[in-house]
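The values are calculated or read from the model by the stated rules, or taken from the named source; none is laboratory data. Model, not experiment: these values are computed from the prediction. Neighbour counts run over all protein chains shown; Cβ positions are idealised from the backbone, glycine included. Accessible surface areas use protein heavy atoms only, side chains included; no ligands, DNA or RNA. Shrake-Rupley method; radii C 1.70, N 1.55, O 1.52, S 1.80 Å.
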Amino acid sequence: MLKKILSYSLILFSSAAFAEQNPLSVHVLNLENGLPSANVEVVLEKSSGDQWIKLNQKLTGENGRITALYPENKSLEKGIYKVTFKTEAWFNQQKQQTFFPEVPVIFKVDGTVKHYHIPLLLSPYGYSTYRGN
């Protein structure tokens, strides 16, 4: 039993340590009720000339967060990135209509900070985002 507890503790600690070291996180909050938006699909891409290269894709957790969106074992390079929140699918799950089927957020990594956080405040007919920390 003690071995199992230690194993689970090590897994949780490793996951938490990776999330702290990961250079990119996102958070989605529903402005209508002030609650986190779980199960929002989020896609991360990097600009390469005139095309976007997909790097990762995840769903927000129960707290509306993805704490480690950047691919594991890769260093964050300078450049232009795009985080796309697939909002229409989420609103469909909530049995609501939305004007915005997805919310693309394009941002520049210049190497001046170690961690980038992209929050999205969401409602069916509007949204807001900013550079978080």
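A few notes on this one:
- In terms of accessible area, using a 1.4 Å probe and ignoring ligands and nucleic acids, 110, 50 rank largest first as 50, 110.
- With 0.36 nm allotted per residue and the present C-alpha distance subtracted, the residue 96-residue 125 stretch has 9.4 nm of extension available.
- Segment 14-133 - charge dipole about Cα centre, Lys and Arg +1 at Cβ, Asp and Glu -1, debye rounded to 20: 180
- Charged side chains reduced to their Cβ positions (Lys and Arg at +1, Asp and Glu at -1) give segment 76-133 a dipole of some 100 debye around its Cα centre.
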